[in-house]
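Q: Here you go, one structure.
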Amino acid sequence: MQIIEKDISWLVERVPDFMKFYESHRAMFEGGYLAGGFMRAMVLKGSAEKASPSGQSNMAGDVDFFYFTPASCQSAIKEIAKVVYGTKKINRFSSNASVTGYAHDFYDRQTQVKYQLIIKNTGTPYEVLNRFDISNCKIATDGKKVWMVEDWEQLESNKQIRIDNYAGDYIFKRLRKY
């Protein structure tokens, strides 16, 4: 299945609080886009706030941001660090390279949300989403457009999970979340 593009109005219709989320996470969107399980959870729950990985309503394990280039990811990491440490919120956040070195994590101790800025999987939304293993997670936005696998809405309305790539080491662990 191919990746299609929609106007941001598609997302705002389904997730009325998306623009509030976008504004409060603007630094993470710079040079990149939100994609994967959290995007899916937002649309299914109809709310960015309700989809939050914090607390008991855990549909997405973390909030993943992908970037067009490794340099744009590094730039976003620096900008977010300025916001975190420049506003003296040091005790609220922790920041470090992920265990695998695949991403840079920002963990918000107050909300218990982990943000991952993905360093090792960069490219356009078309390129990155086509590397995902689960079709239902092939959905992304940069706050201006939305990209998804063409039958995404049908999969979700039929409550079907489709695996497009069985090569990953964590596929069974990831399937348990859905």
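Q: Determine whether the stretch 29-44 contains at least one residue that is among the hydroxyl-bearing types (Ser, Thr, Tyr), over 22 Å from Asn130 (Cβ atoms) and not in a helix (DSSP H, G or I).
A: Taking the stretch 29-44 and keeping what is among the hydroxyl-bearing types (Ser, Thr, Tyr), we get 33.
From the residues that got through so far, the ones that are over 22 Å from Asn130 (Cβ atoms) too are none.
So far as the stretch 29-44 goes, no, none of its residues is among the hydroxyl-bearing types (Ser, Thr, Tyr), over 22 Å from Asn130 (Cβ atoms) and not in a helix (DSSP H, G or I).
Q: Just need a number here: residues in the stretch 45-64 that are part of a helix (DSSP H, G or I) and modelled with pLDDT under 90.
A: So the answer is 0.
Matching residues to (1) among the hydrophobic types (A, V, I, L, M, F, W, C); (2) open to solvent by 60 Å² or more (accessible area, probe 1.4 Å); (3) under 18 Å from Asp62 (Cα atoms); (4) modelled with pLDDT of 90 or more:
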| site | (1), (2), (3), (4) |
| --- | --- |
| Ala103 | yes, no, yes, no |
| Gln110 | no, yes, yes, no |
| Ile139 | yes, no, yes, yes |
| Asp142 | no, no, yes, yes |
| Tyr170 | no, yes, yes, no |
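Q: Exactly one of these conditions fails for Tyr67: (1) open to solvent by 10 Å² or more (accessible area, probe 1.4 Å); (2) within 18 Å of Val128 (Cβ to Cβ); (3) modelled with pLDDT of 95 or more; (4) not β-branched (Val, Ile, Thr). Give me its number.
A: Tyr67 satisfies every listed condition except (1).
Q: Tally up the residues in the stretch 7-19 that are surrounded by 13 or more Cβ atoms within 10 Å (Cβ to Cβ) and either assigned to a helix (DSSP H, G or I) or over 17 Å from the mean Cα position of the chain (by Cα) (or both), please.
A: Number of matching residues: 7.
The values are calculated or read from the model by the stated rules, or taken from the named source; none is laboratory data. Fair warning: this is a prediction, and the values are worked out from it, not measured in the lab. Neighbour counts are summed over all protein chains in view; Cβ atoms, including those assigned to glycine, are modelled from backbone coordinates with ideal geometry. Note: accessible area is taken over every heavy atom of the protein model, side chains too, but ligands, DNA and RNA are not part of it. Shrake-Rupley method; radii C 1.70, N 1.55, O 1.52, S 1.80 Å.
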